[in-house]
1. With every protein chain left in place, what is the accessible area of V251 in Å² (1.4 Å probe, nearest 10)?
2. Lys/Arg Cβ at +1, Asp/Glu Cβ at -1, dipole of segment 49-165 taken about the Cα centre: which of L65, L78, T160 is farthest positive-ward?
3. Which ³J(HN,Hα) values in Hz, rounded to whole numbers, follow from the phi angles of segment 335-340 under the Karplus curve 6.51 cos²θ - 1.76 cosθ + 1.60, where θ = phi - 60° and Gly and Pro get x?
4. Going down the table (K147/K334; K260/K334; K20/K362; K88/K132), which pairs top 20 Å between alpha carbons?
5. Around G169, with a cut-off of 12 angstrom between Cβ atoms, what is the net charge of the other residues, counting Lys and Arg +1 and Asp and Glu -1?
6. Once label points are set 7 Å from the Cα along Cα→Cβ at both Q383 and A129, what is their separation, rounded to one decimal in nm?
7. Excluding ligands and nucleic acids, what accessible area in Å² is computed for K147 using a 1.4 Å probe, to the nearest 10?
8. Taking the highest mean first, how do the peptides 316-327, 153-164, 212-223 order by number of other beta carbon atoms within 10 angstrom per residue?
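The values are calculated or read from the model by the stated rules, or taken from the named source; none is laboratory data. In this text, all values refer to a predicted model and were calculated from it rather than measured experimentally. Note that we place each Cβ from the backbone using ideal geometry, even for glycine, and neighbour counts take in every protein chain shown. Protein only, heavy atoms only, side chains kept; ligands, DNA and RNA dropped before computing areas. Shrake-Rupley method; radii C 1.70, N 1.55, O 1.52, S 1.80 Å.
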Amino acid sequence: MIQATQNPVDIINARVPGYKDLQMLLVNQEGIIEQILPMGTGGVHSRALLLDVAGDWISLGGVDLQINGALGLAFPDLTALNAHLLVKISQFLWDAGVDGFLPTLVTTSVENIQRSLAIIAEVLSSQQAGAKILGVHLEGPFLNFQKRGAHPAEYLLPLTIDQVKRVLGNYAHVVKVITLAPELDLTGEVIPYLRSLGITVSLGHSQATAVQAQRAFEQGATMVTHAFNTMPALHHREPGLLGAAIIHPDVMCSFIADGKHVSPTMLQILLRASYQEKGLFLVSDALAPLGLPDGVYPWDSRQIEVKNGTAQLADGTLSGTTLPLLVGVQNLVKWGICDVESAIALATNAPRQAIGLLRIAKSQPANLLRWHWDETTKELTWQRLFTVS
């Protein structure tokens, strides 16, 4: 790893997702990308450190828009006593290749939601090292009872503007994404209201038909939460929420690539139908035991058992994973359903696009990953190139 804060660095012979052919990236002494140029076009720094990556891929770090906790802390359980763990989690995620994330609050009491939002709001104003908190993903409590998955039924709420205001309280500015079931809105007013607050609306945990989903997209919803999971299956006569999302040019679907939530075959179908990173992005959906060994852990008032990175409730209900985001990138390549460039983009460029952030480009901090594909072992590995504040 290079500390990019003293001398310029010119990275040459790099493959960059979204750019054709080999590129050079010129990074100045402040650790900012000055240019991304095709090889052979000149413009290198005269006193720069030259780094030849020999055809390896260079990307920004990952952005995880759905992560429920890590290192034993579930984000809905945040309190003044454990808030310090957010700093450790941010550093853990940084070390796992993640530049930014949305702490995700699953369905719980309004009191718990408000307490967690208040703590995260305070942290947002004083972030330093590690992966940056980009806001909060509120997954619930406005979900369809029949598709609630592992979300506790007793805390589900009707989808009305009054209930939304009650849940958000004074912290609407902290919430970046909210997952809801659009068929619960009988007035058609909630999604436009949330959009007026600057909140991205994602559809999920829903029984919505294609017609209902299309109406929600027209009202301003632009995302779908964990494609295939907790929604009707694709059907040749009723494409449902997912079918409507796949064909919509302005809607992006998140998906989990752990091999358990969705089979690799169905992911291959989804990737082909959605033009890969143009309509999809990876999430981890990781739970609080992320970074801990397999075992039995508390989960709200219940327990989950983690085996080989998959978490289930006692009744067998799938509740999430404990695999880091970039493992999903490696899985897509390992399964042979995605080329290296697209797989990397699905965890780096695509989630940024989903919430209105820039892809890799000039004028951005050079928080860069170097990806290497080994033709002999057929393994994709990565490492951080720079530490840039």
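1. Answer for V251: close to 10 Å² accessible.
2. The one lying farthest along the dipole's positive direction is T160.
3. Once θ is set to phi - 60°, the couplings for segment 335-340 become 6, x, 10, 8, 6, 4 Hz.
4. The pairs that break the limit, which is 20 Å between Cα atoms, are K147/K334.
5. Result for the local shell: +2.
6. Between Q383 and A129, the label points sit 2.0 nm apart.
7. For K147, solvent-accessible area is about 50 Å².
8. By packing density, highest mean first, the sequence is 316-327, 212-223, 153-164.
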